[in-house]
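Inspection log for the structure reproduced underneath, given as structure tokens.
The values are calculated or read from the model by the stated rules, or taken from the named source; none is laboratory data. Remember, it's a predicted structure, so these values are computed and weren't measured experimentally. Ideal geometry is used to build each Cβ from the backbone, glycine not excepted, and the neighbour counts take in all protein chains shown.
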Amino acid sequence: MDMDTEFSQTVGPGALEIMLLMGQFLSVERRFWARETSTDWWDRIVLRVWDDSQRLRNFHMPKGTFMELCDLLSPALKRQNTRMRAALTVEKRVAIALWKLATPDSYRSVGNQFRVGKTTVGAAVMQVAKAIIELLLRKVVTLGNVQVIVDGFAAMGFPNCGGAIDGTHIPILAPEHQGTQYINRKGYFSMVLQALVDHRGRFTNINVGWAGRVHDARVFRNTTLFKWLQQGTYFLDQKITVGDVEMPIVILGDPAYPLMPWLMKPYGGSLDRSQELFNYRLSKCRMVVECAFGRLKGRWRTLLTRSDLSQTNIPIYIYISSIYVPFYMHPKKWAVVHESLCSNKFVSL
């Protein structure tokens, strides 16, 4: 008696019918499971069908820029397949990170979109974030060619200016500890992003992590940027004469910032005509930093909502968002070139 005959005689025809039905049911379940984890949307639609307009709408950068970004990050993101599973491609991990930044979607929602688990989404985003900080931060968020910046602000009406500074609040969930320190003057929990930008609104220096309750001036005084400016080592030693006063390269701030020899802020109180003109020109040039924040939050909408991120990871998200914007604006112009005067600065070509 062969095994098949012995088995059928043992269980009987009724039991066999039930088992056959169960086999059909289980096969349906397996097909459903495969469909749920299918990568057809990514492999066949996004990679092969989507044009630049669709990529701009969803990833906020065209295919060429996206692929260049993936190539730059590839050395830090390559993973090996294992017996248990195939590693996500560099392109898919970068796409997951972009999608998470560009939408207010939760980890679970992003995972459903890409047919991966929410834990995989979190891991992919942090891997991409660390790769960006390691490989791109100093290439993209950097001072650049000072003379070009000074000439740009001069064309806008303010001479010998090297940047505009301001702070903006990024909404966060209530931290577990010292929560009241993060409630800003508008009454919600936030973390401060302070940025210096050039005449084009490109970030040249950023600081992230201070609690929302902390005043802009205090944040500024506790940054390395303040130390560099105070020491006169951030900009070239380039002065102009205004009346009988020598003026170094300055930055522009709003009334919240301290007046310094290298930081100009608007006049207050009753103004004469020359002071009004000064305030007008300063305000016109300082608007570039507010526009930069607007572009940042408009492009990466996760910064507009109380994101489901840990307090530790929020600064990393803000950093990589700040890097993505100039990379998108000038995708092929960043090069690491030592300035002759200071080894910790870079210029863009």
Could you say whether any residue in the range 251-274 is in contact with a strand residue (DSSP E or B) (Cβ under 8 Å, 6 or more places away or on another chain), of a type in the set (Ser, Thr, Tyr) and either modelled with pLDDT of 95 or more or crowded, with 21+ Cβ neighbours inside 10 Å (or both)? yes
Give the range 194-216 a look and list any residue that's in contact with a helix residue (DSSP H, G or I) (Cβ under 6 Å, 6 or more places away or on another chain) and more than 15 Å from residue 285 (Cβ to Cβ), or say none. 194, 203, 205, 206, 208, 209, 210, 211, 212, 213
For the range 141-157, name all the residues that are closer than 14 Å to residue 251 by Cβ and β-branched (Val, Ile, Thr). 146, 149, 150
Could you go through the range 137-146 and let me know if any residue there is in contact with a Cys (Cβ under 7 Å, 6 or more places away or on another chain) and not assigned by TED's automatic domain parsing to the domain that holds residue 78. no
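Results for (1) under 22 Å from residue 155 (Cα atoms); (2) of a type in the set (Ser, Thr, Tyr); (3) at pLDDT 75 or above, shown as yes or no for each residue.
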| site | (1), (2), (3) |
| --- | --- |
| 277 | yes, no, yes |
| 281 | yes, no, yes |
| 289 | yes, no, yes |
| 302 | no, yes, yes |
| 309 | no, no, no |
| 313 | no, no, yes |
| 318 | no, no, yes |
| 321 | no, yes, yes |
| 332 | no, no, no |
Report, by residue number, each residue of the range 113-134 that is closer than 15 Å to residue 58 by Cβ and either free of Cβ contacts under 8 Å to residues at least 12 places away in the same chain or not polar (S, T, N, Q) (or both). 114
For the range 225-245, the count of residues that are surrounded by 11 or more Cβ atoms within 10 Å (Cβ to Cβ), at negative phi and not aliphatic (A, V, I, L, M) equals 9
Boolean, residue 166 is acidic (Asp, Glu), part of a loop (DSSP other than H, G, I, E, B) and either under 30 Å from residue 67 (Cα atoms) or assigned by TED's automatic domain parsing to the domain that holds residue 219 (or both): no
Residue 276 versus (1) more than 17 Å from residue 149 (Cβ to Cβ); (2) in contact (Cβ under 8 Å) with a residue 12 or more places away in the chain; (3) not hydrophobic (A, V, I, L, M, F, W, C): which is the lone unmet condition? (2)
Among the residues in the range 195-202, are any over 24 Å from residue 221 (Cα atoms) and assigned by TED's automatic domain parsing to the domain that holds residue 254? yes
Pairs under 6 Å by beta carbon, first residue of a type in the set (Lys, Arg) in the range 78-101, partner at pLDDT below 65, six or more apart or different chains? none
Matching residues, the range 284-317, being out of contact with any strand residue (DSSP E or B) (no Cβ under 9 Å at 6 or more places or on another chain) and aromatic (Phe, Trp, Tyr): 300
Please count how many residues of the range 253-283 are of a type in the set (Gly, Ala, Ser), under 22 Å from residue 185 (Cβ atoms) and outside any helix (DSSP H, G or I). 3
With in a loop (DSSP other than H, G, I, E, B) and more than 19 Å from residue 264 (Cβ to Cβ) as the only criterion, which of 214, 192, 148, 208 stands out? 214
What are the residues in the range 148-159 that are surrounded by fewer than 20 Cβ atoms within 10 Å (Cβ to Cβ) and in contact (Cβ under 8 Å) with a residue 60 or more places away in the chain, if any? 156, 157, 159
